[in-house]
Amino acid sequence: MASWPESANGFAGTAATLASDSPGVALTSTSEVPATAVGPRRGYFNRSPWRVEQNVGNASPPSAEPDVVPNRQESAARPSAEVIVGLKKWEGRILEISDELLTVELTPSDHDGPELVADFNAALLGPDSSSAALGDIIYLTTRTVRDATGYPYQTSSLKLRRPGAWGEDELREITDIAKRQAELFKET
Amino acid sequence: MIDSPGRDVIEVSIFGPGKGESVLVHLGRNEWIIVDSCISARTGKIPALEYLDEIGVDARTQVRLVVATHAHDDHFAGISKVLERCESADFVCQGALVKEQFLALVEMDKRLYPEVRKRALAEYGRVFEIVQDRASAHDGILPLKFAAQERILLDDGDGDGVRVLALSPSDQAHVRAMQALADAFAVAQSSRKGASIDPNELAIALWIEASDKTVLLGADLLKGPSGCGWGAILSFFRPATKATVYKVAHHGSANAHHDGIWEQLLVADPVALLAPYRPGKPVPGLDDRKRICSLTSKAFITAKPDLPSPSKEVRREIADLGPLARNAREPWGEPGQVRARSGPDQADWDIHLVHPARALTPA
């Protein structure tokens, strides 16, 4: 489990953590609330539209991620804690990959809602972008965070599911099952 | 209640675009076939089955074939539910799908994403369970038929002239598919990925003769590659009577268009039926519409090819997706129906459109 380092402009925000073994990077966007709703800006609030979360390991299914932990350095610098007031998750299946865009069919995974299709910049998957393939599963998480001044903003992250490697025994078992099933259809 | 077709009336209805498109054909004598499946993204219901209920057809006994033309989920989403209802029907698919290579991919898919709500091949897993369960009620005979080029799937041979013929996949397409399936199987220590194969070249195009009517259902069959697709069909199939209704292949896209279809298999100015595909680049596009409308004055589509207007619920969900998502949309909308009916000795077809279906226009 690891939290990300503070970004160059000093903003770290709430932290998403990921379990396990191989390193990865997820890009997270922050979107401002409309100008009329944004209060006076402070130093740490001067965030860029994108920040890079260093995460470690395989993306987990929505039920297991993201844990939210405060960044200790940031907590000390902030006048008060930010609070996550909303969290929504979608599971997505990649339908098309073209022009560095992923077309993804999204299904709400923690709430009721319509299924949607949306495009994402493939680069948002960081080092996983080159291995993303049709049919792969991605997870989209959006968080609405209320900052110390009481104003909300939204962050979101996109992660490719990386379910590890096939084992020899498992593949042998799969082959055996498939052989048995194929036998049932042989006479047809 | 909507009126049901008379015993001697042939009907071809196309539903879409929900998750998928579906075609219903009344062969006469209260017998039907269902080709592919469509689920309404808004209601979760299956319009083809709802329609049969509405017109008083007992899907359990009156549907003779359920055909899955290919393994793309814009055609087979929900087909296991269709088969569950159609208890007397034989299930038709490509022979490659019951080979060890494909069944291994189904099993891989099951293990790969056990918690994922929508697995690509889960429908097939369920379909094969149903087929195997039903074998016991059929003296151990699986209610399953494999489609291949020139294979007759239904032939009543009693003078009424009901015949359902598979025009594809060709042997060449089958060989290619088997190779692709074998290549898709994982090797140890490789990344746990699902298999990605393109089964459009394996799609099952159907030639249906019922009473004095002839219908061509083009599925998503593409032009080629060599030895496959429409090119392969046109090289061997020269029907004595041309079709008067055509379910346009692959939603009217250019890669499924072959002049030979219109010259060799269809009468001049046939009824053309299609459903749009909108999750990716919408088809039929403008050029596709122009082309189809130049080939027939009787083209009908189940909904407008452009994206549907988003409902309030959809707009709210899109807003919640956050800033990473671009061009978020709900592409399925409400499925429409185009119904074509023709009675005995009737030369033309009566067209009935159910919202949002419409005549296809070039612009």
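The values are calculated or read from the model by the stated rules, or taken from the named source; none is laboratory data. Predicted, not measured: the structure shown is a model, and the values here were computed from it. Note: ideal-geometry Cβ built from the backbone for every residue, glycine included; neighbour counts use all protein chains shown.
State all residues of region B:325-352 that are in contact with a helix residue (DSSP H, G or I) (Cβ under 6 Å, 6 or more places away or on another chain) and assigned to a loop (DSSP other than H, G, I, E, B); if no residue qualifies, say none. Listed by number, the residues that qualify are B:E330, B:P335.
Of the residues that make up region A:174-182, is at least one surrounded by 18 or more Cβ atoms within 10 Å (Cβ to Cβ), in a loop (DSSP other than H, G, I, E, B), facing chain B (nearest Cβ under 7 Å) and over 18 Å from the mean Cα position of the chain (by Cα)? Among the residues of region A:174-182, not one is surrounded by 18 or more Cβ atoms within 10 Å (Cβ to Cβ), in a loop (DSSP other than H, G, I, E, B), facing chain B (nearest Cβ under 7 Å) and over 18 Å from the mean Cα position of the chain (by Cα), which makes the answer no.
Across region B:256-298, the qualifying residues are those that are part of a strand (DSSP E or B) and over 28 Å from B:Q346 (Cα atoms), and the one among them that is farthest from the other protein chains (Cβ to nearest Cβ) is B:V283. Return yes when B:A240 is in a strand (DSSP E or B), more than 14 Å from every other protein chain (Cβ to nearest Cβ) and at negative phi and no when it is not. Taking the combined requirement at face value, the residue does not satisfy it. I'd like the residue in region B:182-203 that is in a loop (DSSP other than H, G, I, E, B) and of a type in the set (G, A, S) and, out of all such residues, is modelled with the highest pLDDT. For region B:182-203, the residue satisfying everything is B:A203. When B:V116, B:V127, B:V162 are screened for being β-branched (V, I, T) and modelled with pLDDT under 80, only B:V116 passes.
For region A:150-173, taking the residues that are at the interface with another protein chain (Cβ under 7 Å from one of its Cβ atoms) and touching a strand residue (DSSP E or B) at 6+ places or on another chain (Cβ under 7 Å), the one that is farthest from B:Q101 (Cα to Cα) is identified as A:Q154. The single condition among (1) under 22 Å from B:R278 (Cα atoms); (2) buried (at least 22 other Cβ atoms within 10 Å of the Cβ); (3) aliphatic (A, V, I, L, M) that B:A340 does not meet is (1). Check whether at least one residue in region B:156-163 is touching a residue at least 40 places away in the same chain (Cβ under 8 Å) and among the acidic types (D, E), and report yes or no. Within region B:156-163, one or more residues are touching a residue at least 40 places away in the same chain (Cβ under 8 Å) and among the acidic types (D, E). Of all residues in region B:308-337, those satisfying the criterion of being at the interface with another protein chain (Cβ under 10 Å from one of its Cβ atoms), in contact with a Pro (Cβ under 7 Å, 6 or more places away or on another chain) and closer than 28 Å to B:E54 by Cβ are B:E313, B:V314, B:E330, B:P331, B:W332.
Exactly one residue out of A:E100, A:E96 is in contact with a helix residue (DSSP H, G or I) (Cβ under 6 Å, 6 or more places away or on another chain) and surrounded by fewer than 19 Cβ atoms within 10 Å (Cβ to Cβ): that is A:E100.
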